[in-house]
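Worksheet: the structure to be examined is printed underneath.
Laboratory data are not the source of any read-out in this text; all were calculated from the coordinates shown. Just so we're clear, the structure is a prediction, and the values are computed from it rather than from any experiment. Positions of Cβ are generated from backbone atoms using ideal geometry, with glycine treated the same way; all protein chains shown enter the neighbour counts.
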Amino acid sequence: MSATRGRLVFTDLDGSLLDHHTYSFAPAMELLAELDAAAVPVIANSSKTRVEIESIRADLGNGHPFIVENGAAVFIPRGYFSAAPPGTISRGDYWVYEMSGGRQRWLDALQHLQARFAGEFDHFYRAGPEGIMSMTGLDAAAAELANQREYSEPVQWLGEAARKQAFVAALEALGARTLQGGRFLTVAGECDKGRALAWLRNVYRAAWGVEEVVDIAAGDSGNDVAMLEAAGTALLIRSPVHDYPVLQRSDHVLRSTQCGPDGWVEGIRQWLAVTATDNHEHRT
Ligand SMILES: [Mg+2]
């Protein structure tokens, strides 16, 4: 009997699978083991860099593909699928699908705007590790990892709010796109967590040879909206510091009552229960 479908979990890390304050995922450990046993891959889809996510994946014992820097690229462990998916490039231990230009392109664009917006912005590369520590509150080791970026550059706007629009327009004229997060304006190419999700879902569908991939995306913030809109089911994780992100869709939307990993477990369990009706499921 051949499989007719498979299931995938896409998840934001900070404030979703990881506690907003402590970064703990302890409440989710039991469910992560169950998902593993049921052959439901958990795919990290984060604003974090490759090296940051590699460190968290090692802690999680997760060997699945992952999405970095807000959808800028998908990293697939080499040999994870039987062949390299179309459009990927080989890099180190990975097959990589890039949806954004490289960081250097955005550094060049910022350099180009340095004189016109003098003193009005700072960014990670120019600030260096010490500057990043004071901008973010990260310790030295974490600031070092956060600065090992490949596809995007976080900018801190220091000027008048009204001037920021002109700055964003100037970046867009240079081919960049910007995403406003809590503290930083991130400069990258035309990518987002939703497009990366859709690409990877199709790769699984082809690799598994299934008719349908049933998926859920879990996220707590504005930079998760594109992936929450793109997934079969959206799980909005309650945040201790801000409201749920606002979605256009209203169907197949779950909202956790608990925060962080407790809310993650709550919502993923609901989804598993309602999607567990088809026993012709893919098994690795
Ligand atoms: Mg988050």
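At a glance:
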quantity	calculated
Theoretical ellipticity at 222 nm over the chain - DSSP helices of four or more residues, -39500 (n - 2.57) apiece, nearest 500	-10500 deg cm²/dmol
Relative contact order of segment 89-152, defined on C-alpha pairs under 8 angstrom at six or more residues apart (%)	37
Gained length - Q111 relative to E30, 0.36 nm times residue gap less alpha-carbon distance	24.4 nm
Segments 121-134, 94-107, 239-252 sorted - mean Cβ within 10 Å per residue, highest first	94-107, 121-134, 239-252
Over segment 57-137: Kirkwood hydrodynamic radius from C-alpha pairwise inverse distances, Å	15.5
Cα radius of gyration and Dmax for segment 103-188 (Å)	12.3, 35
DSSP beta bridges in the chain [antiparallel fraction, %, rounded to 5]	50
Full-extension gain in nm, Q258 to V241, via 0.36 nm per residue minus C-alpha separation	4.9 nm
Fewest-first ranking of T233, T4, using other Cβ atoms within 10 Å as the exposure measure	T4, T233
C-alpha center-to-center spacing [segment 8-22, segment 138-168] in angstrom	22
Value of Rg to Rh for the chain (Rh from inverse mean 1/r over Cα pairs, i.e. Kirkwood)	0.98
FRET E, pair A3, D93, Förster distance 30 Å, beta-carbon r, rounded to 0.05	0.60
Choice from G63, G15, G119 with maximal GNM fluctuation in the chain (Cα, 10 Å cutoff)	G119
About the Cα centre, charge dipole magnitude for segment 1-74 (Lys/Arg +1, Asp/Glu -1 at Cβ), debye	320
